[in-house]
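Step one of this worksheet: look at the structure below.
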Amino acid sequence: MNCEQFTGLKKKLCEGWKVAEDGSGYRRLTDNEHKRFLAFLAGEKVPPLDKTGLNAPSINRTQRTQNAGVGTELEKLFDNFSFGTCGACAKLKNDMNRWGPNKCEEYRENILKRLEDNARKRPELKLLFNKRGAGIFVDQAIHNSRLLNQGLKAPTGIVGNLLSVAGRLISPKKIQKDTSTLTWAYGITTVPQRADQLFPRTVQSLKDAGFDTPHLFIDNCADPSIYDKYDLNYTCHSTKVGLFGNWATAIWELYTSNPHADRYAIFQDDFVTYQNLRAYLEKQEYPKDGYCNLYTFPQNHSNIASKGVGWHVSNQRGLGALALIFSNEAVSKLLTANHFVSRTMGKRGYRFIDGGVVDSFKEFGGKEYVHNPSLVQHTGSISSYGNDGQKLSPSFRGETFDALELLNE
């Protein structure tokens, strides 16, 4: 069958791909699944489903993390009522997980609009969609997420959730809003040459660390479809803007798209990190007068090795920009610094990020902080733009290390 006659998700299915059940991207259809779909498109009799042949079964609800996001909880509710999901639904799920319960309440109308738009694309759901009913689903997902985030048991199944909805409508009980969970806006700067090399390992490491939906900022990219398998949002520069240009536009876009986020992170595409890094960072006090560099360069490590676990003032040379973390206040100061705006006029302005950031912070007395031990490790021998490769940090403890263990040291 000629799949070029289709577009969007239907074309993906024709070519043998479908949205993964956990919303993490696309997976290959089994032979049986593919035959069933092609038969449906051709108007032929659809073969019976062979469940034993599934190569990527749905994740059982009991296997999903208890600290599930709102999007995951909404997916569970849809599972209960046998409402299928699509590629756009997976993106909405990831956005809702990133926003958290409080932001989902704030963006409730936007969520309902996106659900309605997704339903219109599917004939079997178009007539069933009801905005008020969808609102009940969204509100229940927010409620369930809050319960789980507070270590409480959330209702399960159709009956359990219907009773919960009825109980909240008749005698609403105030569930305390999240105050400890931070909202994040984060992305990865990359180039197509890394798409099948260092980039996949970095994405997986960040996923294990808790940063599972980074926005991709791709420089000099003629064909962004090579990133479709990751099912991540992306910004593609069709012409080369350079290392600093890509980084600077990335931080601007993250800030303008998420002006109220608590933390902003820009990652490069050639490093690995610890498991549960995000959870660890959320338990650390952010330095009030600067920004955090997760990569502890050897020169910095020699200065702080005897100072114990935690954040310490660096040598202020801005060595390495593999993974930088900023507070909301820090980002606004960085974007208004004269040096940050005008540095591209110099010879080094298009290449070196690290020095540009630290020098910009010096304008208002801000400092760079590094961590003991290093929270990330470099994997690339040379940079994607031809700069000298970063040296390995001597204090990195390996990809399998759980960052939360640092809390006990």
Exercise for the section: Please work out if residue 153 is farther than 15 Å from residue 96 by Cα, surrounded by fewer than 20 Cβ atoms within 10 Å (Cβ to Cβ), in contact with a helix residue (DSSP H, G or I) (Cβ under 6 Å, 6 or more places away or on another chain) and at pLDDT below 85. Expected result: no
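Could you run through the stretch 214-234 and say how many residues are at positive phi and in contact (Cβ under 8 Å) with a residue 60 or more places away in the chain? Before you say what the answer is, go through the steps one by one.
Initial filter on the stretch 214-234 (at positive phi): 220, 231.
Next, only the ones that are in contact (Cβ under 8 Å) with a residue 60 or more places away in the chain stay: 231.
Qualifying residue count for the region: 1.
For the stretch 315-323, state whether one or more residues are assigned by TED's automatic domain parsing to the domain that holds residue 266, over 26 Å from residue 190 (Cα atoms) and not basic (Lys, Arg).
We begin by selecting, within the stretch 315-323, every residue assigned by TED's automatic domain parsing to the domain that holds residue 266; these are 315-323.
Those still in the list that are over 26 Å from residue 190 (Cα atoms) too: 315.
Next, from what is left, pick out any that are not basic (Lys, Arg): 315.
Yes - at least one qualifying residue is present in the stretch 315-323.
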Practice task
Taking the options 225, 238, 205, 257, name whichever one is among the hydroxyl-bearing types (Ser, Thr, Tyr) and closer than 20 Å to residue 374 by Cβ.
Solution key: 205
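Residue-wise test of (1) crowded, with 17+ Cβ neighbours inside 10 Å; (2) in a helix (DSSP H, G or I); (3) not hydroxyl-bearing (Ser, Thr, Tyr).
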residue: 212; (1), (2), (3): yes, no, yes
residue: 225; (1), (2), (3): no, yes, no
residue: 248; (1), (2), (3): yes, yes, yes
residue: 260; (1), (2), (3): no, no, yes
residue: 269; (1), (2), (3): yes, no, yes
residue: 280; (1), (2), (3): yes, yes, no
residue: 292; (1), (2), (3): yes, no, yes
residue: 299; (1), (2), (3): no, yes, yes
Completion exercise
For residue 375, the lone unmet condition from (1) at pLDDT 90 or above; (2) more than 24 Å from residue 305 (Cβ to Cβ) is (2)
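Surrounded by fewer than 13 Cβ atoms within 10 Å (Cβ to Cβ), touching a Leu at 6+ places or on another chain (Cβ under 7 Å) and at pLDDT below 80 - does that describe any residue in the stretch 76-91?
Step one: list which residues in the stretch 76-91 are surrounded by fewer than 13 Cβ atoms within 10 Å (Cβ to Cβ), which gives 81-82, 84.
Still in the running and touching a Leu at 6+ places or on another chain (Cβ under 7 Å): none.
Looking for residues that are surrounded by fewer than 13 Cβ atoms within 10 Å (Cβ to Cβ), touching a Leu at 6+ places or on another chain (Cβ under 7 Å) and at pLDDT below 80, one finds none in the stretch 76-91, hence no.
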Exercise for the section: Could you grab the pairs with beta carbons closer than 6 Å, sequence gap of 6+ or different chains, first residue in the stretch 102-120 and of a type in the set (D, E, K, R), second one exposed (fewer than 14 other Cβ atoms within 10 Å of the Cβ)? Expected result: 120/126
Practice task
Of all residues in the stretch 235-254, count the ones that are among the aliphatic types (A, V, I, L, M), farther than 17 Å from residue 325 by Cα and either touching a residue at least 24 places away in the same chain (Cβ under 8 Å) or not assigned by TED's automatic domain parsing to the domain that holds residue 223 (or both).
Solution key: 1
Completion exercise
Scanning the stretch 301-335 for residues that are over 11 Å from residue 369 (Cβ atoms) and hydroxyl-bearing (Ser, Thr, Tyr), the one surrounded by the fewest Cβ atoms within 10 Å (Cβ to Cβ) turns out to be 306
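Residues are listed down the side, and each one gets a yes or a no for (1) in the same structural domain as residue 211 (by TED's automatic domain parsing); (2) surrounded by fewer than 19 Cβ atoms within 10 Å (Cβ to Cβ); (3) of a type in the set (Val, Ile, Thr); (4) at pLDDT 80 or above:
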| residue | (1), (2), (3), (4) |
| --- | --- |
| 72 | no, no, yes, yes |
| 94 | no, no, no, yes |
| 104 | no, no, no, yes |
| 115 | no, no, no, yes |
| 128 | no, yes, no, no |
| 140 | no, no, no, yes |
| 145 | no, no, no, yes |
Fill in the blank from the handout: Of the residues in the stretch 202-213, those that are under 14 Å from residue 270 (Cβ atoms) and touching a residue at least 12 places away in the same chain (Cβ under 8 Å) come to 202, 203, 205, 206
Problem - Members of the stretch 227-246 that are part of a loop (DSSP other than H, G, I, E, B) and either out of contact with any Pro (no Cβ under 7 Å at 6 or more places or on another chain) or more than 30 Å from residue 280 (Cα to Cα) (or both) - result: 231, 233, 237, 238, 239, 240, 241
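The values are calculated or read from the model by the stated rules, or taken from the named source; none is laboratory data. For clarity, every value in this text was computed on a predicted model and none was experimentally measured. With ideal geometry, Cβ positions are generated from the backbone for all residues, glycine too; neighbour counts draw on all protein chains shown.
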